[in-house]
Amino acid sequence: MKDWIGNKKSTFIQLGASNHSNKEREERDFYATDPKALEIFLDKLDEDKIELHNDIWECACGMGHLSEVLKKRDYCVFSSDIVNREYKEMMAKDFLQTTTTYPTGVEMDILTNPPYKYAQEFVEHALDIQADGYYTIMFLKIQFLEGQARKKLFEKYPPKYVYVNSARQLCAMNGEFDKYKATAICYCWFIWQKGFKGESVIRWI
């Protein structure tokens, strides 16, 4: 099974885009997001009266941790990953090689924790193929705000909101959360809305 292969923008890989620590990384960069992180975030969006579209694409779904949370919230979820991790509702698909955001026939928001090597590529590609008004939401390390290459990204596509987690959230290699009791990493939810050109707003969860 091939790993994430990227596209022509792979030369822009930035170490600062890493979502995780400097420990030896899982071979295919699979670090699952604790479902609680998404539950807390969605509660905050409800509080802030920010409504996502009903159809959402989890394009690096892994074992389905985030997809299952979205489904329980009554979203219509399309789940895909380049690697089959035995999540029965996923479709094998290399997101960076897609050309549209409507594999099910409709436009969709995109929400995921992308592979750290290709975090910027995932953001750029999602926004390149989305229609105006739709959201790209990525769970990323706070250091994603840094870097000259990402400055250019933010100038072209400024995030509408950045939600900073006040409490540390977990990502676990191979989805083995019982082995990860704490983390020193600060994660944020970055929200882009295609077509937005205003000032970014930082909020705290």
Between the modelled labels at K151 and Y102 (7 Å from Cα along Cα→Cβ) the distance in nm is 3.8
Going from the fewest other Cβ atoms within 10 Å to the most, one would list T104, T33 as T104, T33
Within the under-12-Å Cβ sphere about T99, not counting T99, Lys/Arg +1 and Asp/Glu -1 give a net charge of -1
For the K71, I202 Cβ pair and Förster radius 30 Å, calculated FRET efficiency rounded to 0.05 is 0.55
Which of K49/K152; K72/K194; K44/K160 exceed 18 Å between C-alpha atoms? The answer is K49/K152; K72/K194
Ranked from fewest to most other Cβ atoms within 10 Å of their own Cβ, D48, D55 fall in the order D48, D55
Final fewest-first order of S67, S80, S166 on the 10 Å Cβ neighbour count is S166, S80, S67
Quick calc, the range 90-160, dipole around Cα centre from Cβ unit charges on Lys, Arg (+) and Asp, Glu (-), nearest 20 debye, gives 280
Cα-based Rg then Dmax for the range 33-204, in Å, read 15.1, 42
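Values quoted throughout were computed directly from the atomic coordinates according to the rules given, and no laboratory measurement underlies them. Since this is a predicted model, take the numbers as computed values, not measurements. Quick reminder, even Gly has a Cβ in these numbers, built from the backbone with ideal geometry, and neighbours come from all protein chains shown.
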